[in-house]
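> Supplied in structure tokens, the structure appears directly below.
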Amino acid sequence: MGMTMTQKILADHAGLDQVVPGQLIKAKLDMVLGNDITAPVAVKEFRKIGINNVFDINKIAIVPDHFTPNKDIKSAEQAKLIKEFAREMGIVNYFEVGRVGVEHALLPEKGLVVPGDVVIGADSHTCTYGALGAFSTGIGSTDMAAGMATGEAWFKIPEAIKFVLRGKPGKWVSGKDVILHIIGLIGVDGALYKSMEFVGDGLHNLSMDDRFSMANMAIEAGAKNGIFEVDDKTLEYVREHSTKEYKVYKADSDAVYVKTYEIDLSELKPTVAFPHLPENTRTIDKVGNVKIDQVIIGSCTNGRIEDMRVAAEILKGRKVHEDVRCIVIPATQKIWKQSMEEGLFDIFVDAGAAVSTPTCGPCLGGHMGILAKGERAVATTNRNFVGRMGDPESEVYLASPAIAAASAVAGRIASPEEI
Amino acid sequence: MKAQGKAIKYGDNVDTDVIIPARYLNTSDPAELASHCMEDLDKEFLKKVDKGDIMVGGKNFGCGSSREHAPIAIKASGISCVIAETFARIFFRNSINIGLPIIECLEASKDISDGDNVEIDFETGIIINKTKGKTYTGVPFPQFMQEIISADGLISYIKKQF
Ligand code: SF4
């Protein structure tokens with residue numbers, strides 16, 4: 001029986017020629033990730049095992065990005081605990097504030113994940129690296145602890161859904177709109193336990209930043225992982241960022257998919273997910289008049305350089321609406337510096353937006369832009385659950401950086417064409 | 001192993017942000033986490049819950065973040081088992097790894113009402129609704145996961161390897 005991309009990667013990492021859906025395997029890990037929320041729990045669990053070494057000091061990444069720069073004393077204690085652990089174990093990929101970035105933007109940028117890798121991260125959006133043709137998935141802290149100790153994790157071989165992308169998206173349609181459209185189509189559990197595999201000649205029209213933002217949200221459809229077929233753009237990205245050895249896996253021609261969707265990118269419109277689920281999508285022409293109080297442009301979904309550029313293109317020479325707080329958060333130091341050098345910060349600041357140091361911050365309701373009761377935000381983040389960005393009675397609308405920037409100017413959810 | 005208690009029922013897509021909001025994640029202390037469990041969805045939860053009670057959800061229970069704090073908070077609040085139509089996969093893994101019994105059963109998830117007295121046998125997957133006098137059959141864990149559970153979680157299971 002033919003295998004999907006995901007099945008092939010997992011089979012190889014389990015030392016097997018063939019795997020079938022539902023089969024339980026143990027796979028070798030190329031990278032194990034944790035952050036300042038999940039790693040402290042993992043460290044406590046790791047200590048219980050009673051060993052003094054991690055499996056490989058180069059294959060673990062500890063990224064304090066959520067509540068950093070530490071927002072309060074308790075957060076500082078958690079960050080300290082994982083820093084000390086990283087130092088004690090000699091973990092190479094520990095990133096202190098000033099070098100840190102939002103984990104899922106940081107790891108690819110640092111070349112720590114390449115095509116064909118198997119990656120687990122104690123963070124649900126670890127699925128982001130599927131953009132590189134890697135198998136990567138979110139797990140919990142205990143799995144992280146076990147992974148750090150053994151270099152292995154157990155997996156159930158997933159079935160897969162295939163998304164064949166064709167055509168070229170319109171001017172204001174980005175990877176974010178494509179994935180929001182897909183989640184609207186299949187629902188927040190539409191890919192539960194399954195892989196989402198993205199193929200087709202439309203891939204050429206999606207940049208790596210687009211693909212990262214799409215793979216990032218595979219979890220919002222309940223998927224185990226999202227993965228893109230590797231092409232020239234992937235390999236160019238890998239050459240620019242990494243010296244690690246990589247391996248390209250293609251699905252067999254007779255691979256079995258439980259479902260196949262054909263999506264014509266040229267037909268898609270900018271899409272917004274209404275509260276309180278990412279599946280509550282509406283195209284921009286159907287949003288109506290939704291007044292807003294805050295705009296967040298950042299996160300592991302859309303805090304990359306192209307996102308900064310699109311936002312700046314729209315904010316250039318315009319002003320953020322007087323009733324709106326617009327907060328821009330480049331996801332890594334490198335993106336931050338690049339934005340500064342390209343003059344994007346002048347545009348943001350002149351427009352009346354605030355620019356933050358890299359952090360998850362408001363994305364998870366941590367800090368740097370929490371919503372009060374009844375307030376509404378347009379955010380380029382990935383979740384709009386009840387209370388996600390603050391008070392349980394606040395609201396988050398998920399959108400692309402283009403829609404977010406245009407909304408900041410309009411004071412309501414708006415398309416760049418309306419301003 | 002069995003669990004028995006009254007059912008506390010919620011709907012579909014109960015996400016980890018309502019199980020334990022991120023604003024409380026600057027700690028990993030189970031008791032402290034439990035003191036905020038479910039508060040954004042159900043302010044009365046902590047008053048309602050008695051040790052041994054059973055949480056019942058619909059589809060995609062535990063969707064969202066990978067925070068293990070979510071099953072930890074539920075377990076520390078006294079809940080002895082969660083029944084749902086389906087679980088989000090990271091929540092599923094995490095629950096097994098930390099030793100919170102969970103079981104998938106469409107019929108039980110639909111039929112059990114808030115307050116029903118429910119008994120679950122984990123080995124067989126049989127769920128008895130004593131209030132309604134009904135029996136449902138859930139999906140018992142595969143052998144491999146039973147081993148992890150009987151080893152009292154993944155860490156003790158791993159410990160044997162060293
Ligand atoms: S930016 Fe948001 S979604 Fe991404 S890792 Fe941080 S908290 Fe999670």
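The values are calculated or read from the model by the stated rules, or taken from the named source; none is laboratory data. Everything numeric in this text was worked out from a predicted model, so none of it was measured. Heads up, the Cβs are rebuilt from the backbone with ideal geometry, glycines too, and the neighbour counts pull from every protein chain shown.
> Scanning for something within 16 Å of the ligand (Cβ to nearest atom) and at positive phi, does segment A:332-348 turn up at least one residue?
no
> Take A:His13 and decide whether it is modelled with pLDDT of 95 or more and more than 14 Å from chain B (Cβ to nearest Cβ).
yes
> When the residues of segment A:95-123 are filtered to those that are farther than 21 Å from A:Ala153 by Cβ and not in a loop (DSSP other than H, G, I, E, B), which remaining residue is farthest from the ligand (Cβ to nearest atom)?
Selected residue: A:Glu109.
> Would you be able to say whether some residue in segment A:340-360 is within 14 Å of another protein chain (Cβ to nearest Cβ) and touching a residue at least 40 places away in the same chain (Cβ under 8 Å)?
So far as segment A:340-360 goes, yes, one or more of its residues are within 14 Å of another protein chain (Cβ to nearest Cβ) and touching a residue at least 40 places away in the same chain (Cβ under 8 Å).
> Here's something else I'd like to know. Does segment B:105-143 hold any residues that are within 14 Å of another protein chain (Cβ to nearest Cβ) and at pLDDT below 95, and which are they?
B:Val139, B:Phe141, B:Pro142, B:Gln143, listed by residue number.
> Does A:Leu235 satisfy the condition of being buried (at least 18 other Cβ atoms within 10 Å of the Cβ) and of a type in the set (A, V, I, L, M)?
Considered against the rule, which asks whether it is buried (at least 18 other Cβ atoms within 10 Å of the Cβ) and of a type in the set (A, V, I, L, M), A:Leu235 comes out as no.
> Additional query: How many residues does segment B:76-102 hold that are at the interface with chain A (Cβ under 8 Å from one of its Cβ atoms) and of a type outside the set (Val, Ile, Thr)?
5
Residue-by-condition table, conditions (1) surrounded by fewer than 24 Cβ atoms within 10 Å (Cβ to Cβ); (2) among the hydrophobic types (A, V, I, L, M, F, W, C):
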residue: A:Asp143; (1), (2): no, no
residue: A:Val173; (1), (2): yes, yes
residue: A:Ile186; (1), (2): yes, yes
residue: A:Gly190; (1), (2): yes, no
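> Taking B:Phe61 as the residue in question, decide whether it is among the hydrophobic types (A, V, I, L, M, F, W, C) and surrounded by fewer than 24 Cβ atoms within 10 Å (Cβ to Cβ).
Judged against the criteria, B:Phe61 is not a match.
> Looking for something surrounded by fewer than 23 Cβ atoms within 10 Å (Cβ to Cβ), away from chain B (no Cβ under 11 Å) and either touching a residue at least 40 places away in the same chain (Cβ under 8 Å) or not aromatic (Phe, Trp, Tyr) (or both) - is there at least one such residue anywhere in segment A:377-391?
Among the residues of segment A:377-391, not one is surrounded by fewer than 23 Cβ atoms within 10 Å (Cβ to Cβ), away from chain B (no Cβ under 11 Å) and either touching a residue at least 40 places away in the same chain (Cβ under 8 Å) or not aromatic (Phe, Trp, Tyr) (or both), which makes the answer no.
> Next question, about the same structure. Condition first: farther than 20 Å from B:Thr137 by Cβ and among the small types (Gly, Ala, Ser). Now tell me which residues in segment B:76-94 satisfy that.
Within segment B:76-94, B:Ala76, B:Ser77, B:Gly78, B:Ala88 meet the criteria.
> So is A:Val178 under 16 Å from A:Cys300 (Cα atoms) and crowded, with 24+ Cβ neighbours inside 10 Å or not?
Taking the combined requirement at face value, the residue does not satisfy it.
> Exactly one of these conditions fails for A:His367: (1) within 16 Å of the ligand (Cβ to nearest atom); (2) over 20 Å from A:Phe67 (Cα atoms). Give me its number.
Here A:His367 clears every test but (2).
> Let me ask another. Answer with yes or no whether B:Ile79 is within 26 Å of A:Ala145 (Cβ to Cβ) and part of a loop (DSSP other than H, G, I, E, B).
yes
> Let me ask you something else. For segment B:35-50, indicate whether the set of residues that are within 12 Å of B:Val14 (Cα to Cα) and in contact with an Asp or Glu (Cβ under 8 Å, 6 or more places away or on another chain) is non-empty.
yes
> Report those helices (runs of 4 or more DSSP H) wholly inside segment B:1-75 carrying at least 2 residues which are more than 25 Å from B:Gly138 (Cβ to Cβ) and within 14 Å of chain A (Cβ to nearest Cβ).
B:30-34
> Which count do you get for residues in segment B:118-162 that are surrounded by fewer than 16 Cβ atoms within 10 Å (Cβ to Cβ) and over 20 Å from B:Leu100 (Cβ atoms)?
Looking only at that region, the number is 10.
> Quick check on this structure: which one of A:Gly184, A:Gly200 is in contact (Cβ under 8 Å) with a residue 12 or more places away in the chain and within 30 Å of A:Ala312 (Cα to Cα)?
A:Gly184
> Still on this structure, I have one more. On the given criteria, is A:Val199 surrounded by fewer than 24 Cβ atoms within 10 Å (Cβ to Cβ) and under 21 Å from the mean Cα position of the chain (by Cα)?
Against the criterion (surrounded by fewer than 24 Cβ atoms within 10 Å (Cβ to Cβ) and under 21 Å from the mean Cα position of the chain (by Cα)), A:Val199 qualifies.
> Still on this structure, please answer the following. If the requirement is being within 16 Å of the ligand (Cβ to nearest atom), assigned by TED's automatic domain parsing to the domain that holds A:Trp154 and among the aromatic types (Phe, Trp, Tyr), which of these qualifies: A:Phe67, A:Phe85?
Checking each option against the conditions leaves just A:Phe67.
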